[in-house]
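Below is one structure, written out as structure tokens; comments come after it.
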Amino acid sequence: MKPRYLLIICLFVFAACKKDTVEQGTMELTFRNAVGNQPLTLNTVTYQNAAGEDFTISAFKYYLSNFSLVKMDNSEVPLPVEYFLVDEGDETSRTIRLAAPKGEYRAMRFLIGVDSIRNVSGAQTGALDPVKGMFWSWNSGYIMAKLEGYSPVSAATENRLTFHIGGFRKEHSAIQEVLLTAPISLTVAAGRLPQLEIVADADVWFSQPFPISFANTSTIHVPGEDAAKIAANYRNMFRITSVTDL
């Protein structure tokens, strides 16, 4: 091959590679768990549900996955699939960072839970490691979200509340899609770190659209209609409370 032709080919390849390189940035999300207007405090604070029943919370965890960002023109940019377990008992888990392409975004979409592919892939590692206490070995699948505690009206042993919400099959899927729109746009680029503070309200699990009385329902640990109702409720538990676009 003549040197002149080889040079042209090299320039063409270089130009193509340069065109495919997209500048990356990072977005930070901090989750603040709450019960209504009060901060969530494990074990020591008594709350009251919509039915007027007292309760405490001893564990509160939920999976988030499959994030995508919505551009100003409403097109969506899927981010690399990652799985995060937000655990009220582990402060470090409540802040997560997402790698994203450079751009200006107005909203984000994500799943509460673990997608069906991962549910049928057996035990995983990282946030999906069974040691996290969120995997049903007997049922081949993940608990998408978990709330445990106590209520004096619970008929369960020691007045326990046990809500282990899972299931990925269509009829009673506990996987919920959430779309959060930011009050201002967020610019992702190298050297920047846009931040969102998001409240997750545990009280919503038991309010709308399916009010839950602990006197009637205090234990769920299998997929089914009751779990699907809680999942339909917790789909609405998130709201953005603070945005920093720097």
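The values are calculated or read from the model by the stated rules, or taken from the named source; none is laboratory data. This is a predicted model, so every value here is computed, not measured. As a convention, Cβ positions derive from the backbone with ideal geometry for all residues, glycine included, and neighbour counts pool all protein chains shown. When the accessible area is computed, the model is the full protein with side chains, heavy atoms only, and any ligands, DNA or RNA have been set aside. Shrake-Rupley method; radii C 1.70, N 1.55, O 1.52, S 1.80 Å.
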Of the listed residues (PHE60, PHE67, PHE135), the one being under 19 Å from PRO194 (Cα atoms) and buried (at least 16 other Cβ atoms within 10 Å of the Cβ) is PHE67
I'm checking my understanding of the structure. Among residues of region 76-86 that are assigned to a loop (DSSP other than H, G, I, E, B) and open to solvent by 50 Å² or more (accessible area, probe 1.4 Å), which one is nearest to TYR105 (Cα to Cα)? PRO80
Residues satisfying the stated conditions in region 236-246, i.e. aliphatic (A, V, I, L, M) and either outside any loop (DSSP other than H, G, I, E, B) or open to solvent by 50 Å² or more (accessible area, probe 1.4 Å) (or both): ILE240, VAL243, LEU246
